[in-house]
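A quick write-up on the structure given underneath.
The values are calculated or read from the model by the stated rules, or taken from the named source; none is laboratory data. Bear in mind that the values here come from a model prediction, so they are computed numbers and not experimental data. For neighbour counting, all protein chains shown are included, and Cβ atoms are generated from backbone atoms with ideal geometry for every residue, glycine included. Surface accessibility is based on the protein's heavy atoms, side chains included, excluding ligands, DNA and RNA. Shrake-Rupley method; radii C 1.70, N 1.55, O 1.52, S 1.80 Å.
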Amino acid sequence: MSQRAILWGVIRYEFKMQARRRSLWIVFAGIALIMLAAIPGNVINSGRNLQGMSLLQQVAAVTLDINWLPALGIGVFLADRFPRERSNRVDELFESMVGTLNTRLAGKYLGCLLATLLPAFLAYCFAIIFLAFSKHTLLVLPLSLITYTVIVVPGVCFVTAFTLACTSLMWVPLYQFFFIGYWFWGNMLGPKNGLPTLSTTILTPRGSFIAAGLFGISPLNWTQGATPLPGIASLLLLLLIPLLVMLLFYRYLRWQQSRK
Amino acid sequence: MKIEMKELNKVYHGGIHALERVNLSISGGMYGLLGPNGAGKTTLMRILAGILRPSSGNLSIEGYDYNTEKGRVEVKRLLGYLPQEMGVYPDLNAREFLDYVAILKGLDDRRARQRRVDELLEVVSLTAVARRKLKTFSGGMKRRVGIAQALLNDPQLLIVDEPTAGLDPEERIRFRNLLSDLGEERTVLLSTHIVEDIAQTCRNLAILKNGRVIFQGTTIDLIGQARGKVWIVTTSGDRANRPAGTITVVSTMHVDTSVQYRVVGELAPSDESEAVSTEPSLEDSYVWLMRERRTYEP
């Protein structure tokens, strides 16, 4: 069996194990309800925010709005995925098998990412279906897939890589505490309150620069007037940095193994 | 399957010598690895399973050089490993967990994989609970899942580390019988500190102490070393009559008003009239060997 076939198997099982977590669905459903129903000025709630925008921009605006959810969920629900290999003592067993560490790591990354993204994606689908009904066009559906892939997925890849890597060095609840804290101060309070954050840089996993640069959606001061260049740079960096992080993480684990 | 170890050393960080100049030659059938806790058995098992690398020395399994990545990968294809602390994913059921392990072992054909999983669930008598989550399994049931996962790829070499630890007597007997059956067709390396497990299953064994091999041979050879050193001493129930001298008490049994001691020692206990020489068991021989090493080793 090739490592590719093993990778597929690992993705399948990591997805299954993560998607079965009841808490994942409950928490996502709760946050989605708050976001869709309770936040005043939400694009879904008040159609006026979308006025004067093209259909693609309207879809991109909804995508950006809902992009609070996936990364937050990933930071919280992916944090225990790697440490539990050790706490469940399966790492030693798996080490004696032909599936290599990099295959298992890649499988874990993709399987967990996809499973954690699933409830957020379903919440997004509801918002998009709502938009499609209100705009009386099914064109919203393919456009939403494009905007989701471009605005949401890079940030999610970025957060996944850091979450898996950081939790190999850090106590899981502490990481979750810091991550939730950072997510709120970084995105709600921001630099105007004197707090350090990535949210004003092209490295923001929220996808603000991608949305501003590629779709002309600038709900935030610091992204206004952004050209496509920072948007593309943000997109590429959010995809390339996780690759680098995972490579370094793999090297670190190999180094740890060789020291045993 | 032939396993050859030459001058194998393992030094952990902090300068702890877990294995020192281990030379062992193992061929087919059941092979026991015996020794007290901390003797280096688990380290040796982990090296053989490809989890740890030796610090120096040579190891070859079926001609594959373990010092190379290629050699280790080839051996992993032929290997089944049951670690001392068998880990599972608690939220998977037994069938799913075995399927997942089969994937990691490289069993690519889905139908063949499922057939093999079902077959092994039957072998370890877990078919009826195959859909129950593993977190609901008892220690004995998890051990059985462990042996099933180790057999998924029909390994030529099966490494089992302390497989009966924590099992009740009935489970232990079941497990020993299963291992004996498996040993008829493949090499089974059984590491344990329970002498009875070796006595019941292995013809050949090695004994480790402080990272060194202090005995290598057959169980008969080991028993032969203790012949004439084992005694049964019967005393009255009074503790003051407990046998004294340079002996080690292996077991104590209360019989009516008297107490029967099974002891090992170079000389018979002081009051020879009450001491009867007896045929040594493997446990007596192991105690004798350990005692001798303790006496003469620096």
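Values for this structure:
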item	result
Residue selected from the stretch B:112-130 under the condition among the charged types (D, E, K, R) and away from chain A (no Cβ under 14 Å), by the criterion nearest to A:ALA5 (Cα to Cα)	B:ARG115
Selection count, the stretch A:80-108, where residues are of a type outside the set (S, T, N, Q), facing another protein chain (nearest Cβ under 9 Å) and in contact (Cβ under 8 Å) with a residue 60 or more places away in the chain	4
Scope the stretch B:176-193; condition assigned to a loop (DSSP other than H, G, I, E, B) and within 18 Å of B:MET86 (Cα to Cα); matching residues	B:HIS193
Index of the failed condition, B:ASN67 passing every other in (1) crowded, with 16+ Cβ neighbours inside 10 Å; (2) more than 23 Å from the chain's Cα centre (by Cα); (3) more than 11 Å from every other protein chain (Cβ to nearest Cβ)	(1)
Any pair with Cβ under 9 angstrom, 6 or more apart, that starts in the stretch A:145-167 at a residue that is over 20 Å from A:ILE129 (Cα atoms) and ends at one that is of a type in the set (D, E, K, R) and assigned to a helix (DSSP H, G or I)	A:LEU164/A:LYS108
Some residue of the stretch A:237-252 being on the phi < 0 side of the Ramachandran plot and modelled with pLDDT under 85	no
Residues of the stretch A:67-102 that turn out to be hydroxyl-bearing (Ser, Thr, Tyr) and surrounded by fewer than 21 Cβ atoms within 10 Å (Cβ to Cβ), as a count	2
Those helices (runs of 4 or more DSSP H) lying entirely in the stretch B:87-175 with at least 3 residues more than 23 Å from B:GLN200 (Cβ to Cβ)	B:94-104, B:110-123
Tally, over the stretch B:9-38, of residues that are surrounded by fewer than 23 Cβ atoms within 10 Å (Cβ to Cβ), touching a strand residue (DSSP E or B) at 6+ places or on another chain (Cβ under 8 Å) and not in a strand (DSSP E or B)	4
Failed item in (1) on the phi > 0 side of the Ramachandran plot; (2) open to solvent by 20 Å² or more (accessible area, probe 1.4 Å), with B:THR136 passing the rest	(1)
Members of the stretch B:72-98 found to be more than 8 Å from chain A (Cβ to nearest Cβ), open to solvent by less than 40 Å² (accessible area, probe 1.4 Å), more than 24 Å from B:LEU167 (Cβ to Cβ) and not hydrophobic (A, V, I, L, M, F, W, C), listed by number	B:ARG72
Residue in the stretch B:49-57 that is buried (at least 22 other Cβ atoms within 10 Å of the Cβ), within 14 Å of chain A (Cβ to nearest Cβ) and not in a loop (DSSP other than H, G, I, E, B) present	no
Residue within the stretch A:140-150 that is under 17 Å from A:ALA19 (Cβ atoms) and within 22 Å of the chain's Cα centre (by Cα) present	no
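Residues are listed down the side, and each one gets a yes or a no for (1) modelled with pLDDT of 90 or more; (2) part of a loop (DSSP other than H, G, I, E, B); (3) under 29 Å from A:LEU141 (Cα atoms):
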| site | (1), (2), (3) |
| --- | --- |
| A:ASP65 | no, no, yes |
| A:GLU85 | no, no, no |
| A:LEU122 | yes, no, yes |
| A:PHE126 | no, no, yes |
